[in-house]
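Accompanying notes for the structure given below.
The numbers here are math on the coordinates, done by the rules we state, and not lab data. Since we're looking at a predicted model, the values are computed, not measured. Every residue, glycine among them, receives a Cβ derived from its backbone with ideal geometry; neighbour counts consider all protein chains shown.
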Amino acid sequence: MSKEYQNYVNGKWTNAKSKAIRDIRDPGNGELVAAVPECQKEDIALAIDAAREAFDHGPWRKLTAQDRGKILFKIAEGIRAKSKDLAELEVRNCGKPLAEAEFDVADAANCFEFYGGLATKIHGETMQVPANSLSFVLREPIGVCGQIIPWNYPLLMAAWKLAPALAAGNTCVLKPSELTPLTALELGEILMRVELYPGVVNIVTGPGTGAGEELSANSKVDKVAFTGGTVTGRKVMTAATSNLKKISLELGGKNPNIVFANADLEAAIDGALFGAFANQGEVCSAGSRLLVEKSIHKKIVDGMLQKIPKIKLGHGLTSGVKMGPLISAAHREKVESYIKIGIEEGAKLVCGGKRPTGKEFASGNFLEPTIFDHVKPNMRIAREEIFGPVLSVISFETEEEAIRIANDTEYGLAAAVWTRDVNRAIRVVQQIRAGITWVNTYHPTFNELPWGGYKQSGIGRELGLYGIEEYLETKQVNINLDEAPIGWY
Ligand code: NAD
């Protein structure tokens, strides 16, 4: 049964003005899951007006921080209360295995709870200044926030955007990816139930062209927060210059996962596979470049090949499945084009590279987990973000060489190092130019910690205390304690 959704604007459910709709299909079997409004510029403009009105004249930012926090706690409860349905819907919309979707849903609830608690901890400072002055700093919401998110973690990315913005007292227009809008719209139902004031959050579905562009460019928006590809991020940043919006960007990555010979090799092999193939490799922080010390190169590759059959492909709702379909037929073709490029560049395809055969795979966008060995750092498969289940294995001989290869990228999102030598681990982490680093693990991250990239992987940070900073203005207040005129003239 497919469901027809509407946009959540100004506390009501609305259609696109043009009445256009988009069918949403399950990437694992092609079934119709839902229909959503296909909004354009005019629809986004209306949502922005609602958010503007709610910020300028509504009660939201005048609420006590405690009351805002309580509403965020209720949103977290609302997510938990329908976590099973949300997780299943996430699988049917973006393809990931159910266990991963369940994790995302739980984490989305935790994110609202984290920022619900943080709402009451926002504070300014008093400064010691000379003369007869009392000076202090106030922290205030920025205003209307335009938030644009991608398709790989639909509900979680919505939580990462909305929770800190709301805790700080802003109002929001959220545009999910046109491919995966469903859990964000379900979140709209939760927001309605917690009686969030009209216009405080608006969720509008539509494509990047038109809808996304308007959210980045409209001068009634004070801040734009974007997660997506680096090429799109550059466009958003350019559009945001219209009124010099505050901006934060969470972009792509080509992340090095470095394994030294003195690592626990069994754990490193596990971490290499999880780093590369979790969420079908459709992860900004995926460890898509595996840098392996020459002396253990064969052991690591053989160890991965032995374990690859355990990565069971299938529909995300099928029990035991560890890897689902890619998000769309077009995206699978893009990933396949990189596999062709890798072969042409002379890398050695040691597993995968094909669509799996069998009836259960016939109507989904499946692709086998793929490993290229003997990859050179200058090959395109080692430099460009593929955003799919394709791992490039590169050899190195010294620590210096590993660091040089790791940093030889325009990106700087994440990196990991595997070694039992704590000094080496710290040395390497200190020299890696990336915003998220791991030692002897891959992928775990927590709401308490900052998330974001160096170089062309982004601007600003999400999550933790750093995340709320991105949604706050800073105001200095100077009080003259000397009643006499200053007497300058
Ligand atoms: P994308 O850049 O194609 O789209 C992201 C969002 O931007 C979508 O909502 C899309 O509709 C919108 N958009 C497209 N063109 C636009 C425009 N001109 N103006 C405004 N909005 C526009 O990315 P995607 O394919 O959805 O997601 C994959 C990318 O996201 C990867 O590069 C991945 O690394 C990145 N990503 C980064 C993080 C992070 O935290 N750094 C997290 C998840 C995904």
Looking at segment 241-273 only, could you name the residues that are within 16 Å of the ligand (Cβ to nearest atom) and of a type in the set (S, T, N, Q)?
Thr241, Ser242, Asn243, Ser248, Asn255, Asn257
In segment 274-319, anything within 16 Å of the ligand (Cβ to nearest atom) and assigned to a helix (DSSP H, G or I) is listed as Gly275, Ala276, Phe277, Ala278, Asn279, Gln280, Gly281
Conditions first: (1) surrounded by fewer than 20 Cβ atoms within 10 Å (Cβ to Cβ); (2) touching a residue at least 24 places away in the same chain (Cβ under 8 Å); (3) not aromatic (Phe, Trp, Tyr). Lys19 passes all but one, so which condition is the exception?
(2)
Within the set of pairs 6+ apart or on separate chains, which have a first residue in segment 220-238 that is farther than 21 Å from Leu472 by Cβ and among the small types (Gly, Ala, Ser), a second that is part of a helix (DSSP H, G or I) and within 6 Å of the ligand (Cβ to nearest atom), and C-beta atoms under 6 Å apart?
none
Members of segment 257-309 found to be over 17 Å from Ala406 (Cβ atoms), among the acidic types (Asp, Glu) and crowded, with 16+ Cβ neighbours inside 10 Å, listed by number:
Asp270, Glu282
Condition set of a type in the set (D, E, K, R) and within 16 Å of the ligand (Cβ to nearest atom), scope segment 449-489, selection nearest to the chain's Cα centre (by Cα): answer is Glu462
What number of residues in segment 171-225 are more than 21 Å from Ile468 (Cα to Cα), of a type in the set (Gly, Ala, Ser) and within 15 Å of the ligand (Cβ to nearest atom)?
7
Tally, over segment 368-390, of residues that are closer than 12 Å to Phe277 by Cα and more than 16 Å from the ligand (Cβ to nearest atom)
4
Does segment 133-152 contain any residue that is surrounded by fewer than 24 Cβ atoms within 10 Å (Cβ to Cβ), without any contact (Cβ under 8 Å) to a residue 40 or more places away in the chain and among the small types (Gly, Ala, Ser)?
no
For Trp160, state whether it is surrounded by fewer than 24 Cβ atoms within 10 Å (Cβ to Cβ), of a type in the set (Phe, Trp, Tyr), near the ligand (Cβ under 10 Å from one of its atoms) and touching a residue at least 60 places away in the same chain (Cβ under 8 Å).
no
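One line per residue, one yes/no per condition, for (1) under 21 Å from the mean Cα position of the chain (by Cα); (2) small (Gly, Ala, Ser):
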{"site": "Lys235", "(1), (2)": "yes, no"}
{"site": "Ala240", "(1), (2)": "yes, yes"}
{"site": "Glu250", "(1), (2)": "yes, no"}
{"site": "Val259", "(1), (2)": "no, no"}
{"site": "Gly271", "(1), (2)": "yes, yes"}
Please specify each residue of segment 30-50 satisfying the condition of being assigned to a loop (DSSP other than H, G, I, E, B) and surrounded by fewer than 18 Cβ atoms within 10 Å (Cβ to Cβ).
Gly30, Glu31
